[in-house]
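Contents: one structure, followed by commentary.
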């Protein structure tokens, strides 16, 4: 019998025995199932405009443990997200700019599916952990739709 290590978050969480010969499988940490065809880049509610200041900022500013983005706020006692990635959600300008490695992809105006912020709060991010990292709770489907709609509407400073 061959041992297959199951890895989660870079820690081994279990060892299973299978009747496979010479097969060792490691799962990438915290990555969900393939989402091909799941994301839609159109505005789900074109009759209503989403405001960054009035609709999104309150979601981001929720305190630690409430599906907010406190790790990416400079005013938070836990700003490890800014330290690790350079991504600051406290203002339109810093949010739109993205982090150290996502300057052109954090927010792609008009295309929520290509925007890393939508991918990271959704159930299957392309890499790393789903945000917020202290979740669950995570953003609800309605809250993710607000973020997606704002980006589909052009990611305006409104």
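The values are calculated or read from the model by the stated rules, or taken from the named source; none is laboratory data. Source: prediction; values computed, not measured. Cβ atoms come from the backbone with ideal geometry, glycine included; neighbour counts cover every protein chain shown.
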Of those in the stretch 129-151 that are out of contact with any helix residue (DSSP H, G or I) (no Cβ under 9 Å at 6 or more places or on another chain) and under 22 Å from residue 53 (Cβ atoms), the residue surrounded by the most Cβ atoms within 10 Å (Cβ to Cβ) is 145
Within the stretch 56-158, considering only helices (runs of 4 or more DSSP H) that don't extend past its boundaries, which have at least 2 residues that are at pLDDT 95 or above and within 24 Å of residue 40 (Cβ to Cβ)?
141-152
Does any residue in the stretch 91-102 that is under 17 Å from residue 54 (Cα atoms) come within less than 6 Å, Cβ to Cβ, of a residue that is surrounded by 16 or more Cβ atoms within 10 Å (Cβ to Cβ) six or more places away or on a different chain, and which pairs are these?
92/52; 94/88; 95/89; 96/107
